[in-house]
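Read the structure below first, then the notes.
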Amino acid sequence: MKAFLLVVLGLVCLVFGAEWFVSGAARLSRRLGVPSLLVGLTIVAFGTSMPEFAVSFTASLQKANEIAVGNVIGSNLFNLLFILGLCAIIKPVPVARNAGRFDAPVSTLGAVLVMALTAAAGWAKWPWAGIALPRWSGVLLLVCFVLITAHQIRRSLREGAPEEGDSAFGNPNLSMWQLIGLIAGGLAVIVIGGRLTVMGAVDLATAMGVSPRVIALTIVAIGTSLPEWRK
């Protein structure tokens, strides 16, 4: 019971921490004159993924690799299959032409690249044999991420989009220091939430007699995907 409560408390911290971080950073950026489109493509997009990053990064530091990998895979499956599928059932989801021409193929190629790197590292068995990805593959993935993100930002800014005021990101009456405090507080809560979630997930897996990857693929993955669900 204690382990389950730790997981729940950690996920609550992650969700609210991400909300505070995104809200504060987005409003601060708009206050500094950053276009709302650029804010959405960077701060909002990255901020809603902070829970997954916090959990997987914390798990990696604590050598709980099954949780780190399981959370990434489970979160992507939940976002792509459950959230998108449920939204499509409730109401047809319009897909922009560029999404089919660029976003979907690039996402598919990204998944194929990860599979190729794991196979090249000797990580070809199912379930995973525990062979680590080499550092050069991590560098390659990060470089691809930066290049793709830069292309998306350049393309979106070229196409243009309606500008929005500060109110699009919440209360515009907060001072600069209040916004900085909101960002710092959000990051602190995210860090705490990541530690609590990993601790609880490990203890919960031990108590249930299952692999930590099972907890990461289900409870943790769903919980860390809540910010995307809310958006």
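Restricting the first member to the stretch 180-192 and to residues that are under 10 Å from Ala25 (Cβ atoms), and the second to residues that are of a type in the set (Ser, Thr, Tyr) and open to solvent by less than 30 Å² (accessible area, probe 1.4 Å), the beta-carbon pairs closer than 8 Å and six or more apart or on different chains are Leu182/Ser23; Gly186/Ser23. Looking at (1) surrounded by fewer than 20 Cβ atoms within 10 Å (Cβ to Cβ); (2) assigned to a helix (DSSP H, G or I), which is the only condition Lys63 fails? Condition (2) is where Lys63 drops out. Asn71 - would you say it is in contact (Cβ under 8 Å) with a residue 60 or more places away in the chain, open to solvent by 50 Å² or more (accessible area, probe 1.4 Å) and over 13 Å from Pro227 (Cα atoms)? No, not satisfied.
For the stretch 7-25, the criterion of being at pLDDT 85 or above, of a type in the set (Gly, Ala, Ser), under 19 Å from Val214 (Cβ atoms) and touching a Ser or Thr at 6+ places or on another chain (Cβ under 9 Å) is met by at least one residue.
When the stretch 25-60 is filtered for residues that are more than 28 Å from Met199 (Cα to Cα), assigned to a helix (DSSP H, G or I) and not hydrophobic (A, V, I, L, M, F, W, C), the ones remaining, listed by number, are Arg27, Ser29, Arg30, Arg31, Ser36, Gly40, Thr42. Quick check: is even one residue across the stretch 42-51 touching a helix residue (DSSP H, G or I) at 6+ places or on another chain (Cβ under 7 Å), open to solvent by less than 30 Å² (accessible area, probe 1.4 Å), under 27 Å from Ile153 (Cα atoms) and small (Gly, Ala, Ser)? Checked against the condition, which is being touching a helix residue (DSSP H, G or I) at 6+ places or on another chain (Cβ under 7 Å), open to solvent by less than 30 Å² (accessible area, probe 1.4 Å), under 27 Å from Ile153 (Cα atoms) and small (Gly, Ala, Ser), the stretch 42-51 yields at least one hit. Within the stretch 195-207, residues that are within 16 Å of Ala221 (Cβ to Cβ) have Cβ atoms under 8 Å from residues that are open to solvent by less than 50 Å² (accessible area, probe 1.4 Å) and not in a helix (DSSP H, G or I) in these pairs: Val198/Ala64; Ala201/Ala64; Val202/Ala64; Ala205/Ser211, counting only partners at least 6 apart in sequence or on another chain.
The values are calculated or read from the model by the stated rules, or taken from the named source; none is laboratory data. These numbers were taken from a predicted model, which means no experiment stands behind them. Cβ coordinates were reconstructed from backbone atoms using ideal geometry, including for glycine residues, and neighbour counts include every protein chain displayed. Remember, those area values only see protein heavy atoms, side chains included, never the ligands or the DNA or RNA. Shrake-Rupley method; radii C 1.70, N 1.55, O 1.52, S 1.80 Å.
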